[in-house]
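The values are calculated or read from the model by the stated rules, or taken from the named source; none is laboratory data. In this text, all values refer to a predicted model and were calculated from it rather than measured experimentally. Backbone-built Cβ (ideal geometry, glycine too); neighbour counts: all protein chains shown. To get the accessible areas, we keep the full protein, side chains included, count just its heavy atoms, and leave off ligands, DNA and RNA. Shrake-Rupley method; radii C 1.70, N 1.55, O 1.52, S 1.80 Å.
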Amino acid sequence: MVAAPLRVVFFGTPAFAVPTLDALLASRHAVVGVVCQPDRPRGRGHKTSAGPVKSRAVSAGVPVLQPQRLKDDGFLESLAALAADLGVVAAYGRILTDAVLAMPRLGLINVHASLLPRYRGAAPVHRAIIAGDRETGVTIMRVVQALDAGPMLATAHRPIGADETSDEVERDLARIGAPLLVETVDGLAAGTVRETPQDASAATYAPRLTKEDGALDWQAPAIRIHNLVRGLHPWPHASTFLHGRRLILLRSSPSDQPAGAAPGTVLAAKPGDFVVAAGSGRVHLVEVQVEGKRPMTAREFLAGHRVSPGDRLTPAP
């Protein structure tokens, strides 16, 4: 006997959450409402516009709630009126209150972009790449008051390529997590899902990124700098200063060949070969961007900027 479909309320805001919402909309379950953060200024013009999840929900004809505060009585009344059996969270961006957690009869579950208990927090993909991890994944977990600490319901693993950036990995994890979430919802409807507690002693944390995270220290090993370039893409980006101007590093390649010069020293600056000394090894700059300008290959950059071996890249102007 097939279990009855569930009434689901979805909590999410950015692009990462859209594949999960799409998968739920295509499933036998009913998405009765979507909760996302208020519209915010976006893009270069800083015009207020809807986020990706809201745009998708509106196009699908699903009611949207955008509370300023999750404790607002009006929001809680509207949420209760949806009579949801289950809540699904994917990068909503706020800590849910006890009142919200208690509302759906089956509670809330979350699509988290790491293999818990590693990388609890706001930036799991970025922190995994910065750390040089070779594997990540998606965990479907029950939402509890403690940050990303709830029991695990399902996991999926994915390798991290040596040159992959955070946005590439995160986009693929969103794709992987969507069907896994729907399978979990099916299991909850049927009563067949098994919950596994997290090992709190193995937990690590992935705090939100800041602009300050992007300042490169050339004293670090080449592989560390390369991982920062990958992990801080697409924001806040790893950056350095050359001739007093901020230079954003978009793509790189590390080498363990001894630098033979002080960290931050330009070792080569010719077409197809833009190399900088690290604390150990060398960093080949593949794609860069002068602040306020378009991204350029190293070849394009060197064709339009005077850079010579011996020049120094520094953390500050």
- Query: Within segment 34-87, which residues are in a helix (DSSP H, G or I) and of a type in the set (D, E)?
  - Reply: D73, E77
- Query: Taking L313 and the conditions (1) open to solvent by less than 60 Å² (accessible area, probe 1.4 Å); (2) out of contact with any Gly (no Cβ under 6 Å at 6 or more places or on another chain), which numbered condition does it fall short on, given that it satisfies the others?
  - Reply: (2)
- Going through segment 288-299 in order, the residues found to be open to solvent by 60 Å² or more (accessible area, probe 1.4 Å) and part of a strand (DSSP E or B) are T297
- Item | Subset tally (residues that are under 23 Å from D133 (Cβ atoms) and either modelled with pLDDT under 95 or aliphatic (A, V, I, L, M) (or both)) for segment 180-211 | 7
- Qualifying position, being of a type in the set (A, V, I, L, M, F, W, C) and either buried (at least 21 other Cβ atoms within 10 Å of the Cβ) or free of Cβ contacts under 8 Å to residues at least 24 places away in the same chain (or both), among L302, L209, L285: L285
- Message: Give all pairs with beta carbons closer than 9 Å in which a residue from segment 174-194 that is farther than 14 Å from S27 by Cα meets a residue that is hydroxyl-bearing (S, T, Y) and assigned to a helix (DSSP H, G or I); count only pairs at least 6 apart in sequence or on separate chains.
- Response: A174/T20; G177/T20; V193/T184
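Conditions tested, residue by residue: (1) within 13 Å of Y92 (Cβ to Cβ); (2) open to solvent by 60 Å² or more (accessible area, probe 1.4 Å).
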residue	(1), (2)
S27	no, no
V34	yes, no
P38	yes, no
V58	no, yes
Q68	no, yes
K71	no, yes
E77	no, yes
- Message: As an exercise: evaluate A154 against (1) open to solvent by less than 30 Å² (accessible area, probe 1.4 Å); (2) out of contact with any Leu (no Cβ under 9 Å at 6 or more places or on another chain); (3) more than 30 Å from V286 (Cβ to Cβ) and give the number of the one condition it does not meet.
- Response: (2)
- Item | Within segment 243-279, tally of residues that are of a type in the set (V, I, T), without any contact (Cβ under 8 Å) to a residue 40 or more places away in the chain and closer than 14 Å to A220 by Cβ | 0
- Message: Anything in segment 195-204 that is open to solvent by 40 Å² or more (accessible area, probe 1.4 Å) and either outside any loop (DSSP other than H, G, I, E, B) or touching a residue at least 60 places away in the same chain (Cβ under 8 Å) (or both)? List them, or say none.
- Response: T196, D199, A200, S201, A202, T204
- Query: Quick one: would you say R171 is surrounded by fewer than 17 Cβ atoms within 10 Å (Cβ to Cβ), within 18 Å of the chain's Cα centre (by Cα), in a helix (DSSP H, G or I) and basic (K, R)?
  - Reply: yes
- Note on the structure: (1) under 18 Å from G137 (Cβ atoms); (2) not in a helix (DSSP H, G or I) all hold for T192 apart from (1)
